[in-house]
Each structure stands twice: as C-alpha cells, then as structure tokens.
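Just below is one structure, and these are the notes that go with it.
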Amino acid sequence: MSRAPRLAATLAVGLLAGLAGAGPASALDVPRFVDEAAVAGIEHRYTGGWEHFVGGGVAAFDCSGDGFPELYFAGGTDPAALYLNRSRPGRPFDFAEVGDTPLDLTGVTGAYPLDVDGDGVQDLIVLRVGGNAVFRGLGGCRFELANEVWRFEPGDEWSTAASAIWEAEARWPTIAIGNYVDRRAPGAPFGTCHDNHLHRPDGEDGWGPRRLLRPGYCALSMLFSDWNRDGVPDLRVSNDRQYYRGGEEQLWRLPPGASPTLYSRAQGWRELKIWGMGIAAQDLTGDGYPEYFLTSMADNKLQTLAREEGFGAVGSELAPAYEDIAFRLGATVHRPYVDGETMPSTAWHAEFADVNNDGFPDLFVAKGNVEGMVDFARRDPNNLLIGGPDLEFVEGAPQAGVVTFARARGAVATDLDLDGLVDLVVVNREAPAEVWRNLGAGGTVPDGPRAMGNWVGLRLEQKGPNRHAIGAWVEVRAGAHVQRREITVGGGHASGRAGWIHLGVGTAERVEVRVQWPDGQWGPWVRAFANHFMLIRRLEERPVYWFPETAPVGGQGAGQVTAVPDEE
Amino acid sequence: MAAVLAASFLAAPAAAAGEPAPVPGDERAVTRHLAHGDIAAGDPDMEAVLAHGRMLFEARFTVEDGAGRPAATAAEIPTRRRTGDQPLYLRTSGPDATACAGCHNQPDTGGAGDFVANAFVAPQDIEWDFESVTPDLSMERGTTHMFGSGLLELVAREMTADLHALRAEALAEARATGAPASRDLVTKGVDFGTITATPDGYVDVGAVEGVHPDLIVKPFGQKASSISLRRFTVTAYNSHHGMQPVERFGARWTGTDDFDEDGRTAELTEGDITAAVLWQASLPPPGRTAPDHPVLREAARRGEAVFAEIGCASCHRPTLPLDSLVFTEPGSFNPAGTLRAGEAAPVSLDLAGRFEGLLERDAEGRWLVPAFTDLKRHVIADAEDAFFANELITQDFVPRDRFRTAPLWGVGSTAPYGHRGDLTTLAGSIGHHAGDARPAREAFEALSDADRGALIEFLETLTIDPAAGAGSGGPAAAPVEVTPRRQAAARP
C-alpha cells in the first residue's frame, strides 16, 4: 500500500500553495554569471574518441572538510583531475589542482560522491571505460582505492551512469552502475547495449558479487528515487535509443532482499523511447511526488504522474504511469534559442536548482552536439530555464550571460563560494570546462555578487551508516509555500554533488524545515532563519548554524597543491 | 471605465514643479509616486521627500490607488487567499484602515492609538481570513507610536553589527586555535547571552538570549521581530490597506504586476516606501515634560531614582548609546522582499540637525537615545501571572511569554498600555510584569505609596512632542504646547 496514495488529481491541485494562480511571469530575476575558470586556476577538458563522446562528468563535494565543495573532473583520455576549492564568499573563485592523487585516472567518464562507510568523509564512485573504482576518502582530500577492501567489482564495461541508495535496514549502500555499448560485441555499436549492474551489500563493510540488471539499453543516467513515496526508492534508468534495439526507458523495482524487476505495462509503466542522457528530479507541482526531467536529442521530457482517469492507479497502488508536461511548461528546449537555428538540440546533464533564490526551482540543461552529427545543431548553447510561480519556465541563459557554444556534457549546479548563490560548473568535450560564478543581481565582478532572494543551505545528519540521509525528503515551508527535495545520489549526466542542500525561499526571512528520514520517520518542524547554512540533526528540534570561512587562503591561483589541511 | 479613467490620470501632463496637473474627479489619494533613484539623486529634495512620506502616512487610500487586496492575504510573504470573496475592509484580518494615521494618531500623526485601533496581526503563513478576535487566530496589538523610530533602528543596526562581529571573532578564534571559542554577546551594555563557535564552523546559539539566532536585533514589533522600518512598513501597507509595495509584491517575487488582483499596479513604488520610512525616521524622539505642580514635579524627580533602584532600568534602560545619527536607507540587514543595501543607491538623512538639542551625549561623544528599552526580548509572564502570555499562537518564532522590552519613551502620551492595549493605568501594567520582570514588579509592590506614586509620576513625564526638532516633515511648525496624556484624553 502506498504511504501517500494519490489518485487522479488535476495538475492544478496542490500547485505551489500560496502563489498558485498568479499571473504570467513577467519580471522574475535572472542572475548574472561570469566564467571564472581561468581566474580560478581551472583548466580542464574532457577528451577522447568515440568512447568519450558520452560521459564527461564532474563531481562536487567537500573532501577538505572546510565545507566548500571541491571539483573532480572526468578527463576521458586525459587524466581526471581534483581541484581544491579555496574560494571565499564575495571573492573571485580560487582553486588549485591536487597533485599526487590516485584519482587522476584516465578513461574516467564521470563520478558521484557518496559517504559509503558513514565515517563523515565523502568517498567517490568513479565511472570509467574499463574498470570502475570506488575511492575511500581519508580526509584532507586524500583517497585510497577501495575496490579490494570493500569488495567492489570494477568490471570492464563502458560505464556511464551510477546511482546509490541505502536499502531498508542495510548498513552499506547499494550501487547501480549503468553501462553503454558493449564495444566488443559483434556488430557493435547497434543493438549491442551492455547490461547494467547492481552492487548490493554483503554484510556491513562491503559489497557482494554484482548482479546483472538485464536487459540493459545503453544507460546514460540512473537515479534511485522514491517516485511513489512508498518508502522504497526504485531505480529509474534513462537509455540512449541511438544504439538499443527494442529498448525503452526503464524503472526497476527493488524490493528489499528480493531480485529487481522491471515495472511492466500491466503495472502502468508506459513505453518511452528517447535518446536518454540525463535525469533530474524535482517536485515541481507541489503534490509531494517528484517530476522527472529527461534530457534527450530534440525535445526533452518533463514527466509527471499521469492524472487521467483510469491511469493514476492500478488497484490501490499508485502506478508509474507518466505523462509529459514539458511543452506545457515551456521546458522542451528542443532547439537552440540563438541564430535562428532550426536543427534540434542535444541535451546531456540536467539539474534543478534555484539560481535566483525566488523559491521556484530553475533548470540548467547542458547541451552540445555529440561530435559531428549534421542533423543536429552544431551551435547548441546550454539552457538556464528560470522557473516561476506559474510553473512555466522561461529561457534565461542569454540574460544570465552563460551562452557558449562548446559541446557540454556533465555539469553541477552548486554554491562553490558559499555566498548563498548557486554557481554552475560545465564540462565540455574537447574544450575548457566552464566555472560560472553567480553574481546574483550584481552586474560585474568588481562589484561582487549581490543577493537575490533569501535562501537556506541545509545539511542532514543521522546516526548510523547512511550518515547524510540519502533517500530522505526535506520539506522547507516558507509561509504557505512548501518546497520538497529528495536527497539522492545519481542522475544528471555522469555528474553528481554532495554537500549543502540549497533552497531559495524568496521573500521569507524565516522558514520551517522538516525531514522525512530514509526509514520513513518524520522529524519535527525545525525553525530556521534564512540566509544561513545549517545542520539538521535527526530528532533535534533546532538547527545548528554553520558559517563558512571568510578569510582568504592566500596565493590566488597558486597552481597545484599536494597537501590539504584537514579540518575534520 | 474606472481603468480608463485611471489611465487618463496617469497620463495627465506634469506641472512645472513635477506635480501632475489636477484632474477634476480624481479620487486617488496619491497622485504622484516617487522613484528611489530620483530621491538618491536629490530631486526632489529631502524636505519634499519627507513631506511625501508624511502624505503617504496620512493618505486615505482609495480603490483608485489600489486599496484592498481581493486575491491576497495580510501575510508578510506574498500569499494568495484561499477563501472566496471578502469585503474590501474587514476589521479582523484586514484590510482594516484607509490610512496609517487612521490608527497612529495620538497625540499626532505617527503616534499611538486607542484600544479601538488595535490590529490583529496574522501569522506569516495565513491563507485565509478570520472574522474572530480570539487569540488562537491572530495576535492582537495596540497601535504603538513611531516617534524616535529612526533612532531605534540606528541603535539596532549598530547592535547587530557588534553581535555579528563577535560571532566572526569567535569563529576566527576557533578556527585558528582548533578549540571552541565563546563570546559574550554584549553590545551597548545589553547582554544577549553567549555563543560558542567550534573549529569546524558551527555556532552553538543555545545560550543566546532575547534575540533570534541570526543575531539581528530587530527593534520593531512587540516580539522584536521586524528588522527595520522598511520591513515593517511594506508589510503594514499590504496588511492594513491592501496597498502592495512593488518591492515585495511586484513581478520580481510574484511573477505578476497585480498580485492582489485589484486592477491596480505599482501601488507603492520603492521611492514611496523610502519616503514613508524616512518620514517615520525623522519623527523626533519623545522627550520629557515636567509637571507644573511642584509636588508632582518633585515626585517625578524622585520617581526616576526609584525606577532605577527597584530594577526597572535593568531592562528599560534609560538610554542606549549611538555612534552615528545618519539614517541611511535602505538598511544593511533587510532580507529579500524589502529593498536592501546594494539594491539601490543609498539615501541618507542626517538626524543630527533635525534633533538638535533633543539628545545628550556621553563622555565618549556618543548620542544617548532615551528610549527606556534594551531592544531585547524577555520572559514577561509566568504561571502565577500569565496576563501578557494571552496568545495561543507564536509570532515570528518567539514564544508566547516573551516580548521586547517596551520602549517607554512617550509612554506619558500613549495610553492605554500593554501589547494588547488593554491596560488603562501604568500601575496596572507594572502589576502584570512577571517572569523575568517579577523581581522588579514585586519591588514596586513593596514600595511605599509615595514611592509608587513617584514612579508613576516619573513615567508620566515621558511624553511626545510632535513638533520637537525639525522632523515633522512639513513646513516648519510653530512650537506647540506639549500635551501630556491626561490632557490628551480631554482633547476633542
């Protein structure tokens, strides 16, 4: 039985309590961004041949213990690179490459941070062409390869997707790995998609033998998400129709202790064939269930649970029947918005983030031609869709100043300098990565950033192995407006982030926060003041406020570092 | 028809002095709006800005101005109404007044109000209207006076800066030493408790007292929960009049130019709010009026000493020091939805000239603001006497039994008393002090009749002179006779 069954409701019901029914968006803020990659000392490209036409991810997570997220870039045939974040609020970005690290592998397609062993230090899942790796974080941005000690089977596939979750009662995470084409199969690449794999725990300190998730349809993104809020996250897989035969988008059901099974037509799952590249999840409609944005070539999809009579449920269970509302909400972004281009776009990473802190999620979509596909746009800039109270998205990239024509792949939207404004990192194929500093309402670098709406930065913590509460749901109530955020590992395009959970709260100076922890237990409403970072500990009724270091680190753009102070 | 008429008004040619030409039948109360940028550029000049601010405080807004909010509630955050039609005015959840001065009028514009002018303050998340005055739906508030409010905000801004500096110090020390570092949160002699920072950047605010964990001293509202005159003013225009200031209810935050769906847009501009705030800030601080009769005069003199002796002055601090009298708008600590420093050119009003002779200085040259408050919240009720903890809901995350130390300046001109305005005498008000204030209350009750009377006489000398200084916002007014409360009650 679903914990919160929702039968045929209309899209309008529950939409953004408080502001529902507002008139058309006319002047919502678009923040200004400036690319500070060069200023920051970040020079990185995602390179390589056909095996690196896809992938190109970046992971943002704090490994130094100072709260500021470091950046780990996939390099393709070039070595991957870890950059220490020395930025400070209100100052230009400042990064230094960390040398002498086991992370600087070649063949890396992407990475996802995750505190596997619950020791409070982020570990890292690294996806590669031939031999994935799990690195244990040791603090101070030092890592060690943990495949052996944690019994992680690296495989030898062309891996391009990953997601992780703690299954019920488990003391070790389950990791799903998505694979692309079986490049050694006869007739490759067409019709030769590799199967995917599931790494389930064996005891409390490692994984058992990996299991097949068959059939595989050339996965380019995976996400464990509790789509029906029944307390058991299922695995959504977005697949590239370019190479599969008879494939489609997939939703795996993972009953605890039982083998995974695909949701079927009989259970409500509808066939969808796209060039699936990336998944972003966000409860946009305010009904408590996530919508899923799926990137593709040409028109992208924004899926919401189907509301038509006869589809919303099968028996008493909520059915995974989705309908597309991308067109209705202005989110198809199927072709470039510049040059009068008529060729379709190619979209990769997607991520919801409130870049203007108005309380309404915005959507960043990384785009770029695969390589030389003449039937698709060659000049294909990224999208920065600004969301508003009416749920519709409006293109804000030109106004934001983020229009470039490099072939983007992975990305993250995260607050790099902890000034309360979400920044953007974009990995480009055969071109320099972009590191966009959000200046908010500020126009120029010398003026510095200028705040937009109010915001909160949250970090969850509970005792036990799943320390940072992957699988939890966070609710932030500002007046009558409730935002919900599922804490996940996975999705996007080979890119992930860990750390502060950022939510814009508009004009609210006070909010209430509550958490539904991964085991389903609700925490209390916690009162919090906006424009602060804060730790929400399970069962505690007050947040613990946190403040970033503001003193500059000295040696702006000092190149490479090998020793990182560990503040943990 | 009305919209066409309004449009024609808006298009009316401007007069030479910048004033629009009058249009017969124009029923708007406000025929001219100011741009903040123009104010910052000095045109109009400050006296004209203050006059505009006063006009906005006294204007009886009409539906032609945008009065009423048929689709929005009184909530601080732009919030849609979930209930259906309601009358233009509703005495409970509002709008409940056509003009600020409809309530703030004792002893003059900007002043306090009688019980009949009480407001029913809605929680910030209210989505409905309420037609009851029961305390489970709203906080009932007497109308407070705004005299000296600019000084209160300036003091609060300096206190906030001090507290934030102390927090930064503690964090820096903890990070530098690798050990927890504490700071006593003392500013201007007021003790807000203690914080402890840890080397990893967390700050324990469990021992913070009388101020929110954000360490922003909020000088306005009975719960000390409104950061600035501007924040309060923007909220009040929407709540009480249905006049929606652009800076919070405009398209930037709501996606529409007419959030309340009353057919009017840009009901109050940023410049209008700046003017209204500056005018309130310019209101002179209340002073003192010595009784004519020598017996009462001597009693008042003695009463001031008693006030200190029995501990009243430990919270109702006679003065708070202030470094600068330059009131700059917008303020530094406003949250989004209230014009913030950096979002618009600063406009400064130097209160020093306007308040010439009204403020004393201490040995360090600091101005002494005689507000008789510490701008801190205290527990003012207990199980034995819960009179002041009458509400059933919390306001702005402040527990029901805690209130800001009421600034006593002007108390001699602003009966009735108490946050609900339901105490007719000062002695009665003192008699309900409990919680943290119980020792002072018991000391008051233990006084001799003469000393109790003396203390009351002292409080009666704390009066408002609307014409003090040069801050009335209009043409220089002739000195008016100070009207103590007792006489005020007999005014027509």
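The values are calculated or read from the model by the stated rules, or taken from the named source; none is laboratory data. Given the structure is predicted, the values throughout are model-derived calculations rather than measurements. Cβ: placed from backbone, ideal geometry, glycine included. Neighbour counts: every protein chain shown. With ligands, DNA and RNA removed, areas are computed over all heavy atoms of the protein, side chains included. Shrake-Rupley method; radii C 1.70, N 1.55, O 1.52, S 1.80 Å.
Overview of values
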| quantity | calculated |
| --- | --- |
| Neighbour cut-off at most 16 other Cβ (10 Å), DSSP loop, GluC sites (Glu not before Pro), region B:346-433 | B:Glu356, B:Glu364, B:Glu384 |
| FRET E, pair A:Arg214, A:Val338, Förster distance 41 Å, beta-carbon r, rounded to 0.05 | 0.45 |
| Two-site label geometry, B:His164 and B:Ala266: point separation in nm, points 7 Å out along Cα→Cβ | 3.2 |
| Computed over chain A: relative contact order in percent, which uses C-alpha pairs under 8 Å that are six or more apart | 19 |
| Long-range HN-HN contacts of B:Thr328 with modeled amide H, under 5 Å | B:Leu349 |
| Share antiparallel - DSSP beta bridges, the protein assembly as shown, percent rounded to 5 | 90 |
| Chymotrypsin sites (Phe, Trp or Tyr not before Pro) within region A:312-383, DSSP loop, no more than 13 other Cβ atoms inside 10 Å | A:Phe327 |
| Fraction of antiparallel bridges per DSSP, chain A only, in percent to nearest 5 | 90 |
| Sites B:Glu47 and B:Ser324 - FRET efficiency at Förster radius 22 Å, r taken between beta-carbons, to 0.05 | 0.55 |
| Sequence-distant residues sharing a close amide H with B:Phe220 (under 5 Å, placed H) | B:Ser225, B:Ser226 |
| Cα-based Rg and Dmax for chain A, where Dmax is the largest Cα-Cα distance (Å) | 21.5, 64 |
| Residue-averaged [θ]222 nm for chain A, counting only DSSP H segments that reach four residues, each worth -39500 (n - 2.57) | 0 deg cm²/dmol |
| Ranked packing of A:52-61, A:228-237, most packed first, by mean Cβ within 10 Å | A:52-61, A:228-237 |
| Buried on assembly, region A:485-520 (at least 50 Å² less accessible surface than by itself, 1.4 Å probe) | A:Thr507, A:Glu509, A:Arg510 |
| For region B:166-201, residues shielded by at least 30 square angstrom of accessible area compared with the chain on its own, probe 1.4 Å | B:Arg167, B:Arg175, B:Asp200 |
| Helix B:270-282 axis, angle to chain B major axis (alpha carbon atoms, nearest 10°) | 30 |
| Gain upon complete extension [B:Arg438, B:Glu360; 0.36 nm per residue less C-alpha separation] | 25.0 nm |
| log10 of Debye I(q)/I(0), alpha-carbon scatterers only, for the protein assembly as shown at 0.05, 0.08, 0.09 Å⁻¹ | -0.35, -0.84, -1.02 |
| Peptides B:400-406, A:423-429, A:524-530 ordered by average Cβ neighbours within 10 Å, highest first | A:423-429, B:400-406, A:524-530 |
| Carbon/sulfur fraction of accessible area - the protein assembly as shown, other protein chains in place, 1.4 Å, % | 53 |
| Chain B: angle of helix B:294-309 to the longest principal axis, Cα-based, in degrees nearest 10 | 80 |
| Interface residues in region B:255-274 - accessible area drops by 50 Å² or more relative to the isolated chain, probe 1.4 Å | B:Gly255 |
| Mean separation of Cα contacts under 8 Å, 6 or more apart, over the residue count of region B:37-123: relative contact order % | 24 |
| FRET E, pair B:Asp136, B:Asp382, Förster distance 25 Å, beta-carbon r, rounded to 0.05 | 0.75 |
| Burial ranking of peptide ranges B:451-458, B:368-375 (average Cβ count within 10 Å, highest at the top) | B:368-375, B:451-458 |
| Inter-centroid distance (Cα atoms) of region B:262-322 relative to region A:372-389, Å | 59 |
| Surface per residue (accessible, 1.4 Å probe) for the protein assembly as shown, Å² | 35 |
| B:Thr62 versus B:Ser332: modelled label distance in nm, points set 7 Å from Cα along the beta carbon direction | 4.4 |
| Buried accessible area, chains A and B (both chains, 1.4 Å probe, Å² to nearest 100) | 3700 |
| Per-residue ³J(HN,Hα) for region A:196-213, Karplus 6.51 cos²θ - 1.76 cosθ + 1.60, θ = phi - 60°, Hz, x for Gly and Pro | 9, 9, 10, 9, 9, x, 10, x, 10, 9, x, 9, x, x, 5, 10, 6, 9 |
| Spatially proximal lysines relative to B:Lys223 (Cα-Cα < 21 Å; intrachain offsets below 8 disregarded) | B:Lys188, B:Lys376 |
| Length-normalised contact order of region B:152-306 in % [C-alpha pairs under 8 Å, at least 6 apart] | 13 |
| Amide H partners (placed H, <5 Å) of A:Ser221, local residues excluded | A:Ser238 |
| 0 to 90° range, to nearest 10: angle between helix B:46-58 axis and chain B longest Cα axis | 90 |
| Length released on extending from A:Ala188 to A:Glu371, taking residue separation times 0.36 nm less the Cα-Cα span | 64.0 nm |
